[in-house]
Amino acid sequence: MSDEATTDDSGTWTIDEGHLLAARRAVDAHALRTPVVSTPSLSLRLWLKLESQQHTGSFKLRGALTRLANLQPDELGRPLVVASAGNHGLGMAYAAKRLGMPLKVWVPSGVPEVKRAGIAALGAEVMVCDDASYDGTERLARADAEERGGLFVSPFDDPWVAAGNGGSLAEELFELASLSTLVVPVGGGGLLAGILAARTRRGREDVRVVGVQSEACPAMAESLKQGAPILEMHGDATLAEGLEGGVSASTFRYAQQAAVPVELVTERAIAEAMRDTRTLGYRMEGSAAVSVAWAREHAASEPKEGAVVAIVTGGNV
């Protein structure tokens, strides 16, 4: 088992058993085990995995804790820099404070104030980029890290982050023998990659995984259609701002090799999902609502017996 990112000749990384085991240790030590709840008013088969009730209100804490707990010798002591649409910054700020590390977070100009204020309250330095896009913000953050000899931590293009975000979450869900379909919001694809790696490790290929994006910014769906990763995408305005931007060669490879369907939902469907889950007493942001929007329409028609679980990735709205 490797303690470092595994790459192939194309430069892409692979999540191995070492990453997944380390992720579970870091998450068990510092994060919450979030509940899975039924939603009979939406569908008798639909359940919600409420990462919105995680510390910082998002699943992104899992990847942040895993990454910082597994810094390599040449990474220790370097300034930490991230780009974030909000939740990765919150997770990294929480983890950095918990582990006693300074952090600078670059955010796009359109990031919701609740996320920006939350990052600052955790002690991180917040820099607002003039660019409203995630991709533009990441370019600035990477340049800043390079100039200062810092370490840039991607919200999705990193095996430790993906193992923490997706792998540790999937490990909890795969304990449910009744799980038949797992519905996953997809942005850069790190969550999806981690889940697929854990599915293989646990031998749970019986669980169907469906990725979901907004029609406004369908980078992974379009990448799979074209057969090549779209590294940057500037989509239309969307309630799911946390899913904006492109994918990476590594996350694309995971989705392509597993033949995962990545389906699209409308902005109206996202808004309705946010409204309907709010009536159940759960706060859900647009980036999380894509999974529920798809599941509300398709849960009853899924071909397998058993539970359909939609991952509610965050509640910072």
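Any read-out appearing in this document is the output of simple, stated calculations on the displayed coordinates, not a laboratory observation. Remember, predicted model here, so these are calculated numbers, not experimental data. Neighbour counts are summed over all protein chains in view; Cβ atoms, including those assigned to glycine, are modelled from backbone coordinates with ideal geometry.
Looking for something in contact with a helix residue (DSSP H, G or I) (Cβ under 9 Å, 6 or more places away or on another chain), buried (at least 24 other Cβ atoms within 10 Å of the Cβ) and either hydroxyl-bearing (S, T, Y) or assigned to a helix (DSSP H, G or I) (or both) - is there at least one such residue anywhere in region 32-51?
Within region 32-51 (the criterion being in contact with a helix residue (DSSP H, G or I) (Cβ under 9 Å, 6 or more places away or on another chain), buried (at least 24 other Cβ atoms within 10 Å of the Cβ) and either hydroxyl-bearing (S, T, Y) or assigned to a helix (DSSP H, G or I) (or both)), the answer is yes, since at least one residue qualifies.
Looking at region 165-213, which of the residues that are in a strand (DSSP E or B) and surrounded by fewer than 19 Cβ atoms within 10 Å (Cβ to Cβ) is farthest from the chain's Cα centre (by Cα)? Please lay out each step first, then the result.
Of region 165-213, the ones in a strand (DSSP E or B) are 179-185, 208-213.
Next, only the ones that are surrounded by fewer than 19 Cβ atoms within 10 Å (Cβ to Cβ) stay: 180, 208.
Details: S180: 21, R208: 18 Å.
The residue in question is S180.
For region 38-56, enumerate the residues that are in contact with a Phe, Trp or Tyr (Cβ under 9 Å, 6 or more places away or on another chain) and without any contact (Cβ under 8 Å) to a residue 60 or more places away in the chain.
Across region 38-56, the qualifying residues are S38, H55.
Taking region 286-299, which residues are touching a Pro at 6+ places or on another chain (Cβ under 8 Å) and of a type in the set (D, E)?
Once the filter is applied, which keeps residues that are touching a Pro at 6+ places or on another chain (Cβ under 8 Å) and of a type in the set (D, E), region 286-299 yields nothing.
Where in region 214-315 are there helices (runs of 4 or more DSSP H), lying wholly inside it, with at least 3 residues that are on the phi < 0 side of the Ramachandran plot, surrounded by fewer than 20 Cβ atoms within 10 Å (Cβ to Cβ) and over 19 Å from the mean Cα position of the chain (by Cα)?
Counting at least 3 such residues, we get 267-279.
Where the second residue is aromatic (F, W, Y) and the first is farther than 20 Å from I230 by Cβ and lies in region 251-273, which pairs have Cβ atoms under 7 Å and are six or more apart or on separate chains?
none
Considering every residue within region 59-80, establish whether at least one is within 29 Å of E305 (Cα to Cα), assigned to a helix (DSSP H, G or I) and either touching a residue at least 60 places away in the same chain (Cβ under 8 Å) or of a type in the set (A, V, I, L, M) (or both).
No, region 59-80 contains no residue that is within 29 Å of E305 (Cα to Cα), assigned to a helix (DSSP H, G or I) and either touching a residue at least 60 places away in the same chain (Cβ under 8 Å) or of a type in the set (A, V, I, L, M) (or both).
Filter region 94-115 for residues that are surrounded by fewer than 21 Cβ atoms within 10 Å (Cβ to Cβ) and more than 27 Å from H234 (Cβ to Cβ) and give the result.
Of everything in region 94-115, those that are surrounded by fewer than 21 Cβ atoms within 10 Å (Cβ to Cβ) and more than 27 Å from H234 (Cβ to Cβ) turn out to be K97, R98, L99, G100, M101, P102.
Return yes when S133 is of a type in the set (S, T, N, Q) and without any contact (Cβ under 8 Å) to a residue 40 or more places away in the chain and no when it is not.
No, not satisfied.
So which of G118, G91, G136 ends up being under 17 Å from the mean Cα position of the chain (by Cα), in a helix (DSSP H, G or I) and buried (at least 17 other Cβ atoms within 10 Å of the Cβ)?
Working: G118 fails: under 17 Å from the mean Cα position of the chain (by Cα); G136 fails: under 17 Å from the mean Cα position of the chain (by Cα).
Criteria check complete, one pass: G91.
So which residues in region 199-241 are among the hydroxyl-bearing types (S, T, Y) and closer than 30 Å to S109 by Cβ?
Within region 199-241, the first condition is being among the hydroxyl-bearing types (S, T, Y), and the residues that meet it are 200, 214, 223, 238.
Hits for region 199-241 are S214, S223, T238.
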